[in-house]
Amino acid sequence: MRIPIIAGNWKMNKTVDEAVTFVKEIKDRLPPANQLQTALAAPTLCLMPMMRAATGSPLKLMAENCFYKNAGAYTGETSPFALYQAGIHHVILGHSERRKYFHEDDELINKKVKAALDNGLCPIVCCDDTMGRRIAKDDKVHWVVGRILADLKGLTTNDIRKVTVAYEPSWAIGSGQSANPDQAEEGCYLIRQTISDMYGDAVADDVRILYGGSVTPENTSALMATADIDGVLVGADSLDAETFLEIVNH
């Protein structure tokens, strides 16, 4: 059985003090990890103080990005090896904002996914889209298959079981316009079918697939009630402790 996961992505928000205060506000109000896993992706500067503040709670901390090399002359990048050694074992890769603002393509994301897995990190691999592409494809999302094939290229069966995939329509991110449950389920279903084609039904059944894009306390239950959505990746509504708790305890 796939354990649902609700993950917040703070992006470039919060100071260290604000992040620690947030963790202290929620740490004792989370469901048991064997029922629902709760995670927060925060700026690298905040991760270690947050991890210390979260001691004894089921909260998992995630990096928002990492590089595909463990060390070297790569100014400003974060080493997957260093993350793991620090106790951070999860990382978001391929978010639509990384693709848009930093021109990350599927080949680079594939390298990052492999590097993360080689270092013991469990990646959340994001697949985005645009409204234009949906319209061009008769409101279908079949093209998402190509992105999955590229981002997960060359992974072993053991590797893929450690990967979580997040379907994030870029037209929904930060827009206040969430995909409706049918649209979100369609994208997640196609992702699971693609993984099944690559690795078989048993493996695809083990992989958790999340929806992200204007997730709120009001739409979380409907999204997570669908067959192929195993959780949500929350943006703006993960920045307020009480709002995030509403989503976690939906």
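Local charge for LYS14 was computed over the other residues whose Cβ lies under 15 Å away, with Lys and Arg +1 and Asp and Glu -1, and equals -4.
Arrange the residues THR157, THR75, THR194 by how much accessible surface each exposes, largest first, with a 1.4 angstrom probe.
The most accessible residue leads, giving THR75, THR157, THR194.
For the chain, a crude dipole built from +1 on the beta carbon of Lys and Arg and -1 on the beta carbon of Asp and Glu, taken about the Cα centre, is about 680 debye to the nearest 20. Projecting label points 7 angstrom from Cα along Cα→Cβ for ARG52 and GLU77 puts them 2.9 nm apart. Shown here for segment 20-101: GluC sites (Glu not before Pro) in loop regions (DSSP other than H, G, I, E, B) with at most 16 other Cβ atoms within 10 Å, namely GLU77.
Of the residues HIS250, HIS95, the one with the largest accessible area comes first in the ranking HIS250, HIS95, computed with a 1.4 Å probe on protein heavy atoms.
In the chain, the inverse of the mean reciprocal separation of distinct Cα atoms equals 18.0 Å; this is its Kirkwood hydrodynamic radius. Note on ILE109: accessible area is roughly 0 Å² with a 1.4 Å probe, heavy atoms of protein only. Straight-line reach from LYS69: which lysines have Cα under 29 Å away, leaving out those fewer than 8 places along the same chain? Filter leaves LYS11, LYS14, LYS60, LYS100, LYS111, LYS112, LYS114, LYS153, LYS162.
At a Förster distance of 30 Å, what's the computed FRET efficiency of GLN193 paired with ASP105, Cβ-Cβ distance as r, to 0.05? With R0 = 30 Å, the Cβ-Cβ based efficiency is 0.80. Can you list the residues of segment 190-231 with backbone N under 19 Å from a point 7 Å past the Cα of ARG29, pointing along Cα to Cβ? Hits in segment 190-231 for ARG29 at 19 Å: 216-221.
Model label points for LYS69 and ILE3, set 7 angstrom from Cα along the Cα-to-Cβ axis, are 3.6 nm apart.
The values are calculated or read from the model by the stated rules, or taken from the named source; none is laboratory data. Nothing here was measured: the structure is a model prediction, and the numbers come from that model. Because the Cβ atoms are built from the backbone with ideal geometry, glycine has one as well, and the counts that use them run over all protein chains shown. When the accessible area is computed, the model is the full protein with side chains, heavy atoms only, and any ligands, DNA or RNA have been set aside. Shrake-Rupley method; radii C 1.70, N 1.55, O 1.52, S 1.80 Å.
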